[in-house]
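The values are calculated or read from the model by the stated rules, or taken from the named source; none is laboratory data. In this text, all values refer to a predicted model and were calculated from it rather than measured experimentally. Here the Cβ positions follow ideal geometry from the backbone for every residue, glycine too, while neighbour counts run over all protein chains shown.
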Amino acid sequence: MKKKIVSALLCAAMTATMIAGCGNNAGASTNAGTGNAGTTDAGTADADTADAAGTETADAGSDTTAAAGDEGKVLNIYCWNEEFKSRITDHYPGYTKVDATSGTIGDVTVKWNITPNDDNAYQNNLDATLLKQADAAADDKIDLFLVEADYALKYVDTDYAMPVADLGITDADLANQYQYTKDIVTDSNGVLKGVSWQGCPGVLFYNREAAKEVLGSDDPATVQEAVKDWDTFNETAKTLKDAGYSIVSSVNDTYRVYSNNVTSKWVVDGKINIDENIMNWVNDSKELVDAGETGTHDLWSDDWSAGFYPEGKVFAYFGPAWLVNFSMAADTEGSIGNAGGWGATEGPQGFFWGGTWICAAAGTDNAGLVKDIMLQMTTNEDIMKEIVVKDDDFVNNKNVMETMAEDTKYSSKILGGQNPLAMYCAGVESLDLSNLSPYDQGCNEEFQKAMKNYFQGNATLDEALELFYTAVLEKYPELSR
Amino acid sequence: MKGKAVRYNKWGYIFLMPFIIVYVVFQLIPMVTTIYNSFFENYMSGLNQIGPNFVGFDNYVSLFSSGDIWIYAKNTMILWIMCFIPQILLSLLLGAWFSDVRLKLKGARFFKTVIYLPNLIMASAFSMLFFTLFSDGGPINSILMQIGIIDTPYKFLSNVGSTRGLIAFMNCLMWFGNTTILLMAGMMGIDTSLFEAAEVDGATSTQVFFQITLPLLRPILVYVMITSLIGGLQLFDVPQILTNGTGDPMRSTMTLIMFLNKHLYSKNYGMAGALSVVLFIITGILSLVIFKVTGNDKRKG
């Protein structure tokens with residue numbers, strides 16, 4: 001008898017789960033609408049689950065907040081890490097944190113949809129959701145999404161991103177922002193479609209201890225003398241190697257410095273084009289690797305980040321403000337950053353790395369709030385100052401940055417009391433972004449991956465280039481070589 | 001009169017229904033649409049959909065004209081063989097020990113559980129672990145350097161042999177428990193009177209193994225080999241995670257499914273479909289070959 005009851009229960013449970021599963025699917029697909037039969041299967045499935053989750057939270061939100069307005073109750077933000085969330089949490093007036101993935105601004109629930117960048121997951125998710133934007137329920141629509149410079153054009157050059165002028169943001173509001181931050185998110189018709197709170201001019205962060213030991217002084221001017229151009233840089237690499245240091249952790253560290261100083265785009269008339277300066281990187285890097293003066297680690301790998309600690313024996317990293325503040329283990333006891341052991345100097349060439357742009361998604365039901373977030377986070381000088389002081393970020397506001405650069409009271413703890421802002425300010429003016437293309441991300445990634453084989457001696461230069469072409473054509477079938 | 005007989009065969013159909021439905025929805029329909037899709041140019045360029053345009057066999061032509069597919073097929077087979085041979089030897093040995101009544105191994109149940117455990121770890125977690133262990137500055141290199149075997153870190157993941165070896169080793173470690181249990185089940189199904197008769201006739205345990213166990217185990221061996229081969233062709237997660245999707249060095253560890261995955265970046269259903277169809281045909285042929293070679297064809301008697 002007992003057995004029978006148990007088996008009956010099991011059967012019931014199984015059927016229940018099956019039915020529950022079907023029910024969910026049916027619900028989600030009606031939700032998603034029928035207008036996108038032609039789009040991706042996998043993508044749709046993913047987004048369906050997201051939708052279902054979205055609806056649940058939305059319901060919960062409207063239960064707790066009774067007030068009504070003409071704006072949506074849910075603000076959906078798509079991004080790939082915690083950075084923007086912590087900026088909003090710390091600096092946006094009226095934001096209250098609820099839990100790890102949600103918060104409230106007034107009676108609006110803010111839903112953070114954070115998908116990591118790995119394997120292109122963030123863009124896949126964003127693409128799938130944007131493609132169904134028109135059919136999504138108001139509370140499920142993306143209101144705000146973030147993009148990076150490498151692929152900004154992919155979104156900006158479509159109707160999915162909303163012109164900031166349509167939100168009511170005028171040129172005068174943005175007058176103090178650096179021009180290059182606007183260039184990146186301006187579409188092919190000259191319409192501005194995003195704003196950023198940060199500028200990302202890069203500098204060279206060097207290990208002060210190593211500089212004292214090898215170059216005799218950790219003064220930025222002395223170090224700059226040793227890295228002022230690529231020839232001197234490569235000479236210094238030899239000296240550093242004799243002292244047991246790698247000049248940079250990996251050849252990929254110098255990549256952006258070369259690739260930002262190109263004179264042509266990755267893709268010209270549908271054909272893949274490798275710029276001369278990129279080839280300079282290949283040749284210089286091959287020499288450094290063969291001489292054992294640097295490694296070939298992938299960025300962000302454990303081997304690469306070993307140099308954040310003194311035992312890693314790395315002399316320098318190339319990067320913008322966010323790298324040293326946000327990514328170099330400054331919060332960890334025993335790291336160089338924690339002890340204030342980094343110094344900053346211009347390095348051989350100017351460059352920028354990353355940066356995050358805020359775009360409003362077309363079809364948002366929270367236009368007013370989106371506008372306010374954009375204005376507060378990127379133009380409110382008080383907030384901008386707070387961000388510089390609290391997060392050591394380089395903000396996108398000429399006035400603030402120039403006053404802060406002259407302010408002797410301001411100094412960066414991680415950089416051992418140096419005020420690097422003047423250096424950033426000089427760098428940001430020299431940025432030239434005329435050679436961006438929508439294919440940059442894929443090309444840059446695949447080029448570095450392919451060349452790794454050449455540097456490690458597993459392939460000749462021609463074989464490695466061949467591999468690069470193959471990989472890019474897999475990613476972008478519409479291109480030719 | 002006929003109506004009075006109790007007929008049970010409708011129950012047969014009713015019980016078959018769940019399988020048929022699941023099979024049609026999750027296997028047959030996707031398979032047919034894959035074949036259908038392989039004749040179209042259909043991908044995303046950024047946020048713009050290109051196609052679908054009917055292009056006939058163009059996808060197949062470009063797949064084979066580049067010749068890369070053969071390299072990936074070869075990689076896949078090498079990785080499978082490197083993993084399968086040690087695995088089957090190990091499993092046969094362990095299976096023979098565990099099922100041998102004369103040995104009376106203590107704690108056999110415990111060890112059976114333990115050898116199966118690696119299979120419970122997620123392949124991705126397992127390869128992340130190995131990636132960290134064998135990275136240039138990882139613990140394995142530190143240990144090797146401390147005991148003085150090498151002076152500079154050995155770049156495990158930058159050499160063809162060691163990368164392939166690691167992948168094969170991981171797969172072997174993950175699957176030998178499973179194979180052992182299958183083989184053991186086969187061995188325990190063999191009539192013990194045969195072993196006893198052999199013993200009475202004075203056969204050594206080596207003779208028993210080769211003359212009695214192995215021939216009678218053949219159906220199970222064939223089954224193990226076919227399932228392992230099909231599994232091997234679908235090898236993906238371990239090399240994908242270990243090499244961060246690149247199949248480095250120089251794509252020497254890029255398997256066919258990793259190649260398939262490359263086409264997902266642009267949602268290239270045409271090329272991916274063509275590749276899947278080719279993969280389907282290869283799998284079918286290989287299974288048939290093994291079936292014939294091992295002489296499992298009943299018609300021969």
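Filtered by the rule that a residue be surrounded by 18 or more Cβ atoms within 10 Å (Cβ to Cβ) and hydroxyl-bearing (Ser, Thr, Tyr), the stretch B:160-192 gives B:Thr163, B:Thr179, B:Thr180.
Note on the stretch A:203-234: residues that are touching a Ser or Thr at 6+ places or on another chain (Cβ under 7 Å) and under 20 Å from A:Tyr424 (Cα atoms) total 8. What residue, among those in the stretch A:99-113 that are touching a strand residue (DSSP E or B) at 6+ places or on another chain (Cβ under 6 Å) and among the aliphatic types (A, V, I, L, M), is surrounded by the most Cβ atoms within 10 Å (Cβ to Cβ)? Selected residue: A:Val110.
Only residues that are in a helix (DSSP H, G or I), surrounded by 18 or more Cβ atoms within 10 Å (Cβ to Cβ) and facing chain B (nearest Cβ under 10 Å) were counted across the stretch A:451-481, and they come to 10. For A:Ala459, the conditions (1) free of Cβ contacts under 8 Å to residues at least 12 places away in the same chain; (2) closer than 22 Å to B:Ser62 by Cβ all hold with the exception of (2). Which ones in the stretch A:129-188 are farther than 25 Å from A:Asn113 by Cβ and within 13 Å of another protein chain (Cβ to nearest Cβ)? Selection gives A:Ser188 alone.
Just to be sure, is A:Tyr309 in contact with a strand residue (DSSP E or B) (Cβ under 6 Å, 6 or more places away or on another chain) and either at pLDDT 90 or above or of a type outside the set (Ser, Thr, Tyr) (or both)?
No: the conditions fail for A:Tyr309.
Restricting the stretch A:424-445 to residues that are at the interface with chain B (Cβ under 10 Å from one of its Cβ atoms) and more than 30 Å from A:Asp290 (Cα to Cα), which is modelled with the highest pLDDT? So, considering only residues that are at the interface with chain B (Cβ under 10 Å from one of its Cβ atoms) and more than 30 Å from A:Asp290 (Cα to Cα), the one modelled with the highest pLDDT is A:Tyr439. Could you list all residues from the stretch B:114-126 that are surrounded by 12 or more Cβ atoms within 10 Å (Cβ to Cβ) and more than 14 Å from every other protein chain (Cβ to nearest Cβ)? B:Ile115, B:Tyr116, B:Pro118, B:Asn119, B:Ile121, B:Ala123, B:Phe126 - these are the residues of the stretch B:114-126 that are surrounded by 12 or more Cβ atoms within 10 Å (Cβ to Cβ) and more than 14 Å from every other protein chain (Cβ to nearest Cβ).
Among the residues of the stretch A:330-349, are any of a type in the set (Ser, Thr, Tyr), assigned by TED's automatic domain parsing to the domain that holds A:Ala172 and either buried (at least 19 other Cβ atoms within 10 Å of the Cβ) or in a loop (DSSP other than H, G, I, E, B) (or both)? Within the stretch A:330-349 (the criterion being of a type in the set (Ser, Thr, Tyr), assigned by TED's automatic domain parsing to the domain that holds A:Ala172 and either buried (at least 19 other Cβ atoms within 10 Å of the Cβ) or in a loop (DSSP other than H, G, I, E, B) (or both)), the answer is no, since none of the residues qualifies.
A:Tyr317 meets all of the listed conditions (1) within 14 Å of chain B (Cβ to nearest Cβ); (2) of a type in the set (Ser, Thr, Tyr); (3) touching a Phe, Trp or Tyr at 6+ places or on another chain (Cβ under 8 Å) but one, namely (1). Within the stretch B:56-67, one or more residues are buried (at least 19 other Cβ atoms within 10 Å of the Cβ), over 25 Å from B:Leu183 (Cα atoms) and within 12 Å of chain A (Cβ to nearest Cβ). Of the residues that make up the stretch B:233-243, is at least one surrounded by fewer than 18 Cβ atoms within 10 Å (Cβ to Cβ) and without any contact (Cβ under 8 Å) to a residue 60 or more places away in the chain? Yes: the stretch B:233-243 contains one or more residues that are surrounded by fewer than 18 Cβ atoms within 10 Å (Cβ to Cβ) and without any contact (Cβ under 8 Å) to a residue 60 or more places away in the chain. Once the stretch A:165-223 is narrowed to residues that are surrounded by fewer than 16 Cβ atoms within 10 Å (Cβ to Cβ) and of a type in the set (A, V, I, L, M), the residue that is nearest to A:Ser250 (Cα to Cα) is A:Ala221.
Matching residues to (1) crowded, with 18+ Cβ neighbours inside 10 Å; (2) at pLDDT below 90:
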{"site": "B:Phe98", "(1), (2)": "yes, yes"}
{"site": "B:Leu105", "(1), (2)": "no, yes"}
{"site": "B:Arg109", "(1), (2)": "no, yes"}
{"site": "B:Leu129", "(1), (2)": "no, no"}
{"site": "B:Asn141", "(1), (2)": "yes, no"}
{"site": "B:Met145", "(1), (2)": "no, no"}
{"site": "B:Ser158", "(1), (2)": "yes, yes"}
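Here the stretch A:273-293 is the region considered, the condition is being buried (at least 18 other Cβ atoms within 10 Å of the Cβ) and either among the aromatic types (Phe, Trp, Tyr) or more than 18 Å from A:Trp353 (Cβ to Cβ) (or both), and the residue that is nearest to the chain's Cα centre (by Cα) is A:Trp281.
Does A:Gln448 satisfy being within 14 Å of another protein chain (Cβ to nearest Cβ), in contact (Cβ under 8 Å) with a residue 24 or more places away in the chain, under 18 Å from A:Tyr258 (Cα atoms) and polar (S, T, N, Q)? For A:Gln448, the condition - within 14 Å of another protein chain (Cβ to nearest Cβ), in contact (Cβ under 8 Å) with a residue 24 or more places away in the chain, under 18 Å from A:Tyr258 (Cα atoms) and polar (S, T, N, Q) - is met. When residues in the stretch B:136-173 are screened for being aromatic (Phe, Trp, Tyr) and within 14 Å of another protein chain (Cβ to nearest Cβ), 2 of them pass.
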